[in-house]
Amino acid sequence: MIFFACVVCKATHCLLRLFNFGATSLPGALALKICPDILGYAAKNVDIIAVTGTNGKTTSARIIERALQNSGRSVCANRSGANLMPGITAELIMNKRLSGSVKCESAVIECDEAACRLVLGKLRPHVLLVTNLFRDQLDRYGTVTYPRDCIAAGLRDTPETIAVINADCPMAASVSRLCQNKTVYYGLGEHKKTCVGSGEDDTCPVCGKRLGYKGLSYANLGVFSCSCGFARSKPDVSAESVFPDGSFILRADGDKTVCAPALPGLYNVYNSVGAVAAAVACGVPLKQAADAAQDFDCGFGRMESFPLGKRGARMILIKNAAAADQTLNEVCRAPGEKTLVLAVNDRTADGTDISWLDEADFGMLARRGKIMRVYVCGDRAEAAEKRLKRENIPCQSCGNYDKLIESLRDEDNFIFILPTYTAMLELRAKLVRRLGGKNFWE
């Protein structure tokens, strides 16, 4: 049954790609239908680094992939972002020859937080990176503790896996209290803010009491402690002295090097440090891992550039208040006048709960954004328009992506496109057809 499942997966994948479809999940779903245990077979003899968490999975995975390549390893990855069991299964079967040998010795696998409960025991990864756990898709999860519990359950099924965890994130850090895995912590060396933001709360994930903070970086990430004894652990890998240009001193086990992330923003400092920590845990030298954060290929829709308008455009995925606030801050920091596109859908892959629009600080665009024009589009364009108007930000609704692109062709300002996940896939596909670029799975 295993051989037949692999043949079906590979044949379906080839057929779909022949017609320019993504072939990201269906081949794996068919293989799992034929042989439910196929994932364990596909993962055998592959050194796997898994990445999970609310924000930063794709960027972190791309950095780790480059770090492993820099160290001379052959690497496969689910670059399409298909991070549920069918997508992961398809990627690993495609890395397997019908003879049973593997094409690439290592794999970097993005994994949905809730899917960790089912997937980690079959993958048995060398390392699991947990980036952060914020309020996200509560319509699906119910509470932010549910994905935390799924990750912990997955780790208990694979006790040999090294957990690399964001020490500054209370919910992520609490994973280590629910399993016995060896844990490597990472975080920032300095925290300059004084209050929790982005709709996150300061509740202790262990006892429910209010956390105390010595300092915060953004949202609820920082140096926290609780009267119950739960407190931030000292990072094993940290970003010291973050400079205005985004570069920082990277410290690990007494060794130091300078790292200048390819992507801007404090959240990408976190992504870089976490990815470096995961790569080092896999045996990659610190300098090679740091270099990977400086020259990796960004994921589709993650700070992705397009030759749109007279000055160009950048697409940045947003899906919750924590991500939105950091993205909006980077939009405001960018020099010159700008045009903004906000594309909001509320489909299953986006999360049907769009209350994060109310929690995100769109007011900063009016205060310091130098935003000259704003377009709203997507299934929930009306809700986005109402949210912006509450901040006295005039905007124009555009129900057709083709018309939107035509409107932006001669735009004088730099364009920032901020879509939710399914809006990103739709709008990006039209941009690629008109302007050129890679398919999202490449």
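So here's what we get for this one:
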| read-out | value |
| --- | --- |
| Condition met for A61 (surrounded by fewer than 23 Cβ atoms within 10 Å (Cβ to Cβ) and closer than 30 Å to T145 by Cβ) | no |
| Subset of the range 115-128 [part of a loop (DSSP other than H, G, I, E, B) and either surrounded by fewer than 19 Cβ atoms within 10 Å (Cβ to Cβ) or under 17 Å from the mean Cα position of the chain (by Cα) (or both)] | A115, R124 |
| The range 158-208: number of residues that are outside any loop (DSSP other than H, G, I, E, B) and not charged (D, E, K, R) | 20 |
| Elements of type helices (runs of 4 or more DSSP H) in the range 343-442, at least 1 residues being of a type in the set (G, A, S) | 363-368, 381-390, 401-408, 421-435 |
| Residue, nearest to C259 (Cα to Cα), within the range 170-211, restricted to residues that are surrounded by fewer than 14 Cβ atoms within 10 Å (Cβ to Cβ) and not charged (D, E, K, R) | T194 |
| Qualifying position, being within 16 Å of M171 (Cβ to Cβ), in contact with a helix residue (DSSP H, G or I) (Cβ under 7 Å, 6 or more places away or on another chain), surrounded by 22 or more Cβ atoms within 10 Å (Cβ to Cβ) and among the hydroxyl-bearing types (S, T, Y), among T89, T131 | T131 |
| Any chance A77 is touching a helix residue (DSSP H, G or I) at 6+ places or on another chain (Cβ under 9 Å), at pLDDT 95 or above, crowded, with 20+ Cβ neighbours inside 10 Å and under 30 Å from P285 (Cα atoms) | yes |
| Residues within the range 141-157 that are assigned to a helix (DSSP H, G or I), of a type in the set (V, I, T) and modelled with pLDDT under 95, tallied | 1 |
| Residue in the range 329-345 that is acidic (D, E) and in contact with a Phe, Trp or Tyr (Cβ under 9 Å, 6 or more places away or on another chain) present | yes |
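This table checks each residue for (1) farther than 22 Å from A324 by Cβ; (2) outside the structural domain of D157 (by TED's automatic domain parsing); (3) modelled with pLDDT of 95 or more.
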position	(1), (2), (3)
K182	yes, no, yes
K193	no, no, no
G199	no, no, no
T203	no, no, no
L221	no, no, yes
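The values are calculated or read from the model by the stated rules, or taken from the named source; none is laboratory data. All values derive from a computational prediction rather than experimental measurement. Every residue, glycine among them, receives a Cβ derived from its backbone with ideal geometry; neighbour counts consider all protein chains shown.
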